[in-house]
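Comments concern the structure below.
The values are calculated or read from the model by the stated rules, or taken from the named source; none is laboratory data. Note that the structure is predicted; figures quoted are calculated from it, not measured. Every residue, glycine among them, receives a Cβ derived from its backbone with ideal geometry; neighbour counts consider all protein chains shown. Note: accessible area is taken over every heavy atom of the protein model, side chains too, but ligands, DNA and RNA are not part of it. Shrake-Rupley method; radii C 1.70, N 1.55, O 1.52, S 1.80 Å.
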Amino acid sequence: MSNRMWGGRFSAGPSAIMEEINASIDFDRKLYAQDIAGSKAHAEMLAARGIISEGDAGKIAEGLDAIKAEIDEGRFTFSRALEDIHMNVEQRLKELIGPAAGRLHTARSRNDQVATDFRLWVRDGLDHLDDQLAELMGALVARAGEHAGTVMPGFTHLQSAQPVTFGHHLLAYVEMLARDRGRVQDARRRLNECPLGAAALAGTSFPIDRHMTAASLGFDRPTANSLDSVSDRDFALEAMAAASIVAVHLSRLAEEIVIWSSAQFGFVRLSDAFSTGSSIMPQKRNPDAAELVRAKAGRIIGDMNALLIVMKGLPLAYQKDMQEDKEQVFDAFESLSLALAATTGMVGDLQPDIKRMAAAAGSGFSTATDLADWLVRVPGLPFRDAHHVTGRLVAMAAERGVELADLSLADMKTVHDGITEAVYDVLTVENSVRSRTSHGGTAPDNVRAEVKRWQALIG
Ligand code: ARG
């Protein structure tokens, strides 16, 4: 039997394999709430413009509400033969209300319908993402407040570089996530135009009111060009680009949690709630959640790439290739939502080992820069000379297997006789971080002020 929705010129149905490759209902059923909202807005507008009767519009709205309830409650039977969510809903509407259902598709096409549904879904996804980002920021800011004065090594090249505060380190991620929220909100602004009423590709001869449907679906305005309306997917690409950058940020934090929680570092401990054991090695506590967050980034970036590649060669306007836009977006957003929830959980859960962090912060000549700066400030050496003198002192300490603060004043004077007892003040980790008061520096006072600023911003 030919398809009842478009089969007028067909005498036979599709082959089994045609039906299999063509059907999207197995994944686009996720769009049902958006599809029904779009159809209700469309029918209401058609009636307001006298294109269909108020009576038919009323029946359509009631029928669509009933279908929404059926799907919500798992009572709806989806059919592959009906291809996609749009035709599944319309066919059921026909069963429920009869011929009036056939009037719903006046002045629209599945092309503008799917573009509208998908925008609505992505918009919800972006809003949810924004909320989750705010939550994670709140968790990081709270921990940063607790650890404004907790010292740890700062790294470059994963080699001890200079001491920093743990609070400062956590606030670095807050900065990243704040920019992420900016990207998410920005993508939402550009996305928020309504394609409904562009019809198949050229617009329609019916006297529709696209401003009305746009407003009732919460869009800022209708899209301006019908061809663009049905062929644009950059709202999805942009959302996935923003999501990919979030995922990269989460992955970097996850990687740090993996490193920090290793026995060799021992900077943080995740509780049993966020650790897993090994079935063979009884001593193990594995940071699986962090590892999986790290992996999600690869998956989400892959999703974005897949859609970029699907889109890159398509002529205007709608091409069926574009049906392959949804699974990646669903996967990216669902993966990211899980990754964000797990990260927020781990941030709240992790317990820093303050003593171990402090000991590590003081090892590896981490205050060498403080010493060089002191040589500039007190005996007045040019920085390059101070760097050289410090290097010789580091070499001396390394040779003896001690830290800089363990060298005697007499020994230090053999390298530069302008060095005085006062130098020992800058060799402690606490004094080092306390002195870093420049704008954006790691000093505990700075961190406390930043925590306050973020608390006020996040609310
Ligand atoms: N299931 C289709 C999609 O996701 C809906 C649009 C179909 N349009 C068409 N002209 N075949 O893209």
Of the criteria (1) out of contact with any Leu (no Cβ under 9 Å at 6 or more places or on another chain); (2) touching a residue at least 12 places away in the same chain (Cβ under 8 Å); (3) open to solvent by less than 50 Å² (accessible area, probe 1.4 Å), which one residue 286 fails: (2)
Criterion: small (Gly, Ala, Ser) and buried (at least 17 other Cβ atoms within 10 Å of the Cβ) - qualifying residue of 410, 359, 372, 398: 372
Of the criteria (1) over 30 Å from residue 261 (Cβ atoms); (2) part of a helix (DSSP H, G or I); (3) open to solvent by 30 Å² or more (accessible area, probe 1.4 Å), which one residue 330 fails: (3)
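Limited to the range 188-210, what total is found for residues that are part of a helix (DSSP H, G or I) and either within 12 Å of the chain's Cα centre (by Cα) or buried (at least 18 other Cβ atoms within 10 Å of the Cβ) (or both)? Let's see the steps before the verdict.
First, the residues of the range 188-210 that are part of a helix (DSSP H, G or I): 188-191, 210.
Within this subset, residues satisfying the condition of being either within 12 Å of the chain's Cα centre (by Cα) or buried (at least 18 other Cβ atoms within 10 Å of the Cβ) (or both) are 188, 191, 210.
Of the residues in that region, 3 qualify.
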All positions within the range 112-134 that are within 13 Å of the ligand (Cβ to nearest atom) and open to solvent by 30 Å² or more (accessible area, probe 1.4 Å): 121
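Matching residues to (1) open to solvent by 20 Å² or more (accessible area, probe 1.4 Å); (2) within 25 Å of the chain's Cα centre (by Cα):
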| residue | (1), (2) |
| --- | --- |
| 136 | no, yes |
| 142 | yes, yes |
| 153 | no, no |
| 159 | yes, no |
| 183 | yes, yes |
| 186 | yes, yes |
Cβ-Cβ under 9 Å pairs, at least 6 apart or on other chains, the range 204-218 side without any contact (Cβ under 8 Å) to a residue 40 or more places away in the chain, far side in a loop (DSSP other than H, G, I, E, B) and loosely packed, with under 14 Cβ neighbours inside 10 Å: 214/220
Scope the range 45-102; condition without any contact (Cβ under 8 Å) to a residue 24 or more places away in the chain and within 16 Å of the ligand (Cβ to nearest atom); matching residues: none
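Considering only the range 328-337, I want to know if a residue exists there that is closer than 27 Å to residue 156 by Cβ, modelled with pLDDT of 95 or more and of a type in the set (A, V, I, L, M, F, W, C). Walk me through it before giving the result.
Looking only at the range 328-337, we keep the residues that are closer than 27 Å to residue 156 by Cβ, and these are none.
Checked against the condition, which is being closer than 27 Å to residue 156 by Cβ, modelled with pLDDT of 95 or more and of a type in the set (A, V, I, L, M, F, W, C), the range 328-337 yields no hits at all.
Here's the yes/no breakdown for (1) under 30 Å from residue 210 (Cβ atoms); (2) over 34 Å from the mean Cα position of the chain (by Cα); (3) loosely packed, with under 15 Cβ neighbours inside 10 Å:
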| position | (1), (2), (3) |
| --- | --- |
| 12 | no, yes, yes |
| 15 | no, yes, yes |
| 24 | yes, no, no |
| 32 | yes, no, no |
| 54 | yes, yes, yes |
| 63 | yes, yes, no |
| 67 | yes, no, no |
| 85 | yes, no, no |
Tabulated pairs, the range 299-325, first touching a residue at least 40 places away in the same chain (Cβ under 8 Å) and open to solvent by 30 Å² or more (accessible area, probe 1.4 Å), second within 11 Å of the ligand (Cβ to nearest atom) and assigned to a loop (DSSP other than H, G, I, E, B), C-beta under 8 angstrom, 6+ apart or interchain: 311/233; 316/201; 318/200; 318/201
Only one of 376, 394, 415, 426 that is modelled with pLDDT under 95, among the aliphatic types (A, V, I, L, M) and touching a helix residue (DSSP H, G or I) at 6+ places or on another chain (Cβ under 6 Å): 426
